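Below is one structure, written out as structure tokens; comments come after it.
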Amino acid sequence: MPDETPRIPAQRDLAVLEAGLDALETTRTPRSEPLRRLLRALLPPVLAAAALLGLWDVLVLARVKPGWVLPGPGDVYDALLGDWSRYGIGDALSGSISRAVIGFSASVLLGTVIGLAAAGSRPLRAAVSPLLSGLQNLPSVAWVPIAIMWFGITPATIYTVMLLGAVPSVAIGLIDGIDQVPPIYRRVGGNLGARGLVLVRRVLLPAALPAYVSGLKQGWAFSWRSLMAAELIAVSPTLGPGIGQTLELARENQDMALAFATVLLILGLGVLVNLAAFGPVERRLRHRRGLERA
């Protein structure tokens, strides 16, 4: 015979709770939610850019500076389109981006090795930490004349300036991240048999990721600025085209509209890398640590 014993209230409450939890697990994200997140991410910077363009246009209309000193947004846009082929701006962008990828990748590799070595050895950290901090505070442009005297106007000059500008930030970010790892993580990893590189790869690096990613982001900024400084000063046909050289060409020709257009391209590339590369990684890290909803 079926059990006709009535359920006690505690059992009914437990059944309701289990049903609610099952509903939470099976709830799907509405299709419109990704679009909303995209709008929330894009709308603020778009509005800020529109406000800056409006202020720029107001300053031009108010004639605070002559037109050849402060061109309007329309003049800059026309100069960018008109000079795109004449000055080879597309090739210049391609050349700068390829140098940025190579130089930043090398900086990440070298900075990570230095950071891991310094984080694992107190004498080494005591020796290199002041040097890394000093290099991080030194303007990258100061290395350009020295690099030119070392290597001449060659690609080695540009990559040397980029490495000296970006490596300290990457290394310091990793060292700070490992310092912030709770000691219990090391003990638990050691009890589970993690030693040496296994402990670093499985325990320390994942735990230090937030600070490490911040160091990478700052390293990218220094790398990009170092590249522009080197291309501005170390100008030679043997180096190939670069966006920094285009800016120097605009200065030589007193073409303020082209100079503004080039600066906007440099700014836009930096913002694009932050939004497309580092932004998703930072959001994912915050989400995994419960600091942000998916």
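The values are calculated or read from the model by the stated rules, or taken from the named source; none is laboratory data. Treat the numbers as computed from the prediction; the structure is a model and nothing was measured. Here the Cβ is made from the backbone with ideal geometry for all residues, glycine too, and neighbour counts use every protein chain on show. In case anyone asks, the SASA skips ligands and DNA or RNA and just uses the protein heavy atoms, side chains included. Shrake-Rupley method; radii C 1.70, N 1.55, O 1.52, S 1.80 Å.
Buried (at least 17 other Cβ atoms within 10 Å of the Cβ) and either within 18 Å of Ile97 (Cβ to Cβ) or touching a Pro at 6+ places or on another chain (Cβ under 6 Å) (or both): which single residue out of Val263, Val273 fits that description? Quick ask: steps written out before the conclusion?
Working: Val263 fails: buried (at least 17 other Cβ atoms within 10 Å of the Cβ).
Of Val263, Val273, the one residue that is buried (at least 17 other Cβ atoms within 10 Å of the Cβ) and either within 18 Å of Ile97 (Cβ to Cβ) or touching a Pro at 6+ places or on another chain (Cβ under 6 Å) (or both) is Val273.
Output the residue which, of all residues in the stretch 205-243 that are part of a helix (DSSP H, G or I) and over 20 Å from the mean Cα position of the chain (by Cα), is surrounded by the most Cβ atoms within 10 Å (Cβ to Cβ). Before you say what the answer is, go through the steps one by one.
Taking the stretch 205-243 first, the residues part of a helix (DSSP H, G or I) are 205-233, 237-239, 243.
From what's left, over 20 Å from the mean Cα position of the chain (by Cα): 231-233, 237-239.
On the way: Glu231: 25, Leu232: 18, Ile233: 18, Pro237: 8, Thr238: 8, Leu239: 18.
Going through the qualifying residues, I end up with Glu231.
Anything in the stretch 244-280 that is in contact (Cβ under 8 Å) with a residue 12 or more places away in the chain, among the charged types (D, E, K, R) and not in a loop (DSSP other than H, G, I, E, B)? List them, or say none.
Glu248
Take the stretch 139-157 and flag every residue that is more than 25 Å from the chain's Cα centre (by Cα) and open to solvent by 40 Å² or more (accessible area, probe 1.4 Å).
The first filter runs over the stretch 139-157 and keeps only residues more than 25 Å from the chain's Cα centre (by Cα), leaving 145-154.
Once the filter is applied, which keeps residues that are more than 25 Å from the chain's Cα centre (by Cα) and open to solvent by 40 Å² or more (accessible area, probe 1.4 Å), the stretch 139-157 yields Pro145, Ile146, Ile148, Met149, Trp150, Phe151, Ile153, Thr154.
Which one of these is open to solvent by less than 70 Å² (accessible area, probe 1.4 Å), free of Cβ contacts under 8 Å to residues at least 40 places away in the same chain, closer than 28 Å to Thr112 by Cβ and not in a helix (DSSP H, G or I): Gly189, Gly193, Gly177?
Numbers: Gly189 fails: not in a helix (DSSP H, G or I); Gly177 fails: not in a helix (DSSP H, G or I).
The conditions single out Gly193.
Yes/no matrix, rows are residues, columns are (1) modelled with pLDDT of 90 or more; (2) surrounded by 14 or more Cβ atoms within 10 Å (Cβ to Cβ); (3) more than 21 Å from Gly165 (Cα to Cα):
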residue	(1), (2), (3)
Pro44	no, no, yes
Arg63	no, no, yes
Ala79	no, yes, yes
Val101	yes, no, no
